[in-house]
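**Q** Would you mind keeping the following structure in view while I ask a few things?
The values are calculated or read from the model by the stated rules, or taken from the named source; none is laboratory data. As the structure is a prediction and not an experimental result, all values here were calculated from the model. Heads up, the Cβs are rebuilt from the backbone with ideal geometry, glycines too, and the neighbour counts pull from every protein chain shown.
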Amino acid sequence: MQYKVTVVGAGNVGATTAQRIAEAELADVVMVDVLADLATGKALDMMEAAPVLGFNAKITGGGDYAPTAGSDVCVVTSGLARKPGMSRDDLLAKNTEIIKEVTTQLVKHSPHTIIVMVTNPLDAMCEVARRVSGFPRERVIGMAGVLDAARMRWFIADALKVSVEDVDAFVLGGHGDTMVPLPRYATVNGIPLPQLLPAETIEAINTRTRNGGIEIVNYYKQGSAYYAPSAAVLDMVAAILHDKKKILPCAVYLQGEYGLEGLFVGVPAVLGRKGMEKVIELELSADEKAALQKSADAVHELVHALPSV
Ligand code: NAD
């Protein structure tokens, strides 16, 4: 393949992401995990599916970073996943240590790569990777908004009994309970959502979107969502590698946009071969602005609580 993508963490999200990327023939994939044999075994298992499915991408796995050298994109999923009763924020200290170590290794072997962060608490882990890598903001991007928006899009499609292909939606803010679904900017084949659903139904969809992660955790009991998260990562990696200039909601290090400074917050951004190429500033109502500020405050609190990086 023309491109190489490293996926750190061969757990649920990491392995599913590797599988999706390879099956789409987007890139060769190197999986790295502290559980080296897990990564090696899953890579082999996926390769043994290749003759049946007919994809030509190569997947390898192990515990060593040398094979990751020269990766175009590095997806970071290493860390602990939430258990029932555990908030994303409880993960902070443990995952900070993991992300520090992983980022150092990735940058050493792929100094020009683009990091797509997945590990939670997402916005804070993006900041750890930014600080440790020293990369410009274009090359450290967090995956959350595509997933949150996908959940909202599914709930809308299901409520209206229409094709998911017709539904677009945006979710701003941090990847936590304070995220800000934007039904005003949701459309169904161009028709604004508020013209199609009553306000109470839209509010119920907003609430379900905010709780979308925990809804799955409560079903799984062990671990958190991975089918939709890995699909969201695929969308971002494809936009980057194919230089699509696709507008996707991503966690971006803001430098004054939306009145926010020096903080990763979910906003619409253009993704292309250089990574996060442009932040799109939407016009927000007073309520939406207040909700975004509240969400940014929650991210700020977390970043403030980060162990020294
Ligand atoms: P998982 O437990 O299935 O996999 C995590 C993997 O990371 C494990 O295989 C583990 O061995 C590995 N790992 C731990 N420390 C490591 C290290 N130092 N180096 C390399 N590998 C290491 O968890 P999962 O379900 O795949 O979730 C992974 C992360 O993604 C979690 O933090 C979870 O909360 C997060 N997540 C984020 C989103 C999002 O929207 N941003 C969505 C889903 C999951």
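**Q** Scanning for something closer than 30 Å to Ser71 by Cα and not hydrophobic (A, V, I, L, M, F, W, C), does the stretch 290-301 turn up at least one residue?
**A** no
**Q** Additional query: Condition (residue is under 30 Å from Ala27 (Cβ atoms) and at pLDDT below 95) applied to the stretch 281-300: is it met by at least one residue?
**A** No, the stretch 281-300 has no match at all.
**Q** Pick from the stretch 240-297 the residues that are touching a residue at least 60 places away in the same chain (Cβ under 8 Å) and touching a Pro at 6+ places or on another chain (Cβ under 6 Å): which of them is nearest to Arg153 (Cα to Cα)?
**A** That would be Pro249.
**Q** Continuing with this model, one more query. Residues of the stretch 261-290 being among the small types (Gly, Ala, Ser) and over 21 Å from the mean Cα position of the chain (by Cα), which ones?
**A** First, the residues of the stretch 261-290 that are among the small types (Gly, Ala, Ser): 262, 266, 269, 272, 275, 285-286, 290.
Ser285, Ala286, Ala290 - these are the residues of the stretch 261-290 that are among the small types (Gly, Ala, Ser) and over 21 Å from the mean Cα position of the chain (by Cα).
**Q** Answer yes or no: is there a residue in the stretch 143-162 that is in a loop (DSSP other than H, G, I, E, B) and more than 10 Å from the ligand (Cβ to nearest atom).
**A** yes
**Q** Can you find a residue in the stretch 182-199 that is closer than 18 Å to Ser285 by Cβ, in contact with a strand residue (DSSP E or B) (Cβ under 7 Å, 6 or more places away or on another chain), within 15 Å of the ligand (Cβ to nearest atom) and at pLDDT 95 or above?
**A** There is no residue in the stretch 182-199 that is closer than 18 Å to Ser285 by Cβ, in contact with a strand residue (DSSP E or B) (Cβ under 7 Å, 6 or more places away or on another chain), within 15 Å of the ligand (Cβ to nearest atom) and at pLDDT 95 or above.
**Q** Are any residues in the stretch 137-175 buried (at least 24 other Cβ atoms within 10 Å of the Cβ) and charged (D, E, K, R), and if so, which ones?
**A** Within the stretch 137-175, Asp148, Arg151 qualify.
**Q** Still on this model: Would you confirm whether any residue within the stretch 160-172 is in contact with a Pro (Cβ under 8 Å, 6 or more places away or on another chain), closer than 26 Å to Val116 by Cβ and among the aromatic types (Phe, Trp, Tyr)?
**A** Within the stretch 160-172, one or more residues are in contact with a Pro (Cβ under 8 Å, 6 or more places away or on another chain), closer than 26 Å to Val116 by Cβ and among the aromatic types (Phe, Trp, Tyr).
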